[in-house]
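Below is one structure; the comments refer to it alone.
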Amino acid sequence: MASRRDFFKSFAKPLSQAQEENLLLVRPPYGKSESLFQSECPACESKACVASCDEKIILIADDGTATLSFEKNGCTFCEECAKVCEADVLSLENSETSEYLSAIFKISLESCVAHHGVICHACKEPCIDDAILFNGMFNPVIDDEKCTACGFCLSRCPTQAITYEVFELDHAKV
């Protein structure tokens with residue numbers, strides 16, 4: 001008899017190398033422009049943004065730029081990374097607009113257990129913006145108008161059914 005864990009694993013798909021690389025392309029909120037990340041982050045010696053993140057989701061990529069990893073947690077938009085950014089790559093001036101949003105999240109119909117008749121609300125429960133909508137008990141979708149790209153849903157999904165597309169800060173698709 002298969003265990004519940006084996007059942008959920010059957011829906012999970014291993015991340016492709018392209019998806020793993022995209023995990024490092026999501027920028028912290030409050031970013032002004034991609035060119036600032038590329039020019040100023042590598043020169044920053046303090047990396048204060050990393051230390052300021054209570055959720056431990058800000059990482060420094062191989063190219064020296066600040067990126068987000070939603071593998072274990074999501075962003076609370078606490079503003080601490082922007083407050084400590086000495087290079088002004090992250091700025092609270094950008095908190096009033098959604099221009100800093102750099103990812104669009106989607107739920108895979110194939111991998112999501114709720115789309116296969118299993119009651120699962122693992123993605124909805126941590127979503128404080130009520131951006132994940134269900135048709136009754138099943139068939140979740142992400143409302144792009146409400147989604148802040150915090151990433152909590154991605155880290156909570158037991159089958160890795162949630163993915164995202166990355167956009168540069170000027171909204172050109174990467």
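Every read-out reported here was derived from the displayed coordinates using simple, explicitly stated rules and does not represent laboratory data. As the structure is a prediction and not an experimental result, all values here were calculated from the model.
Observations
- In sequence order, calculated HN-Hα J values of the stretch 29-35 (Karplus, 6.51, -1.76, 1.60; Hz; x Gly/Pro): x, 6, x, 8, 7, 4, 5
- Here the Karplus relation 6.51 cos²θ - 1.76 cosθ + 1.60, evaluated at θ = phi - 60°, turns the backbone of the stretch 146-153 into coupling constants of 9, 5, 9, 6, 6, x, 4, 5 Hz, with x for every Gly and Pro.
- Restricting attention to the stretch 71-148, the count of lysine pairs at 8 or more positions apart or across chains with alpha carbons under 18 Å apart stands at 5.
- Each residue of the stretch 154-164 was assigned a 3J(HN,Hα) from its phi angle through the Karplus expression (A = 6.51, B = -1.76, C = 1.60, θ = phi - 60°), giving 5, 6, 9, 5, x, 10, 6, 7, 9, 10, 8 Hz with x at Gly and Pro.
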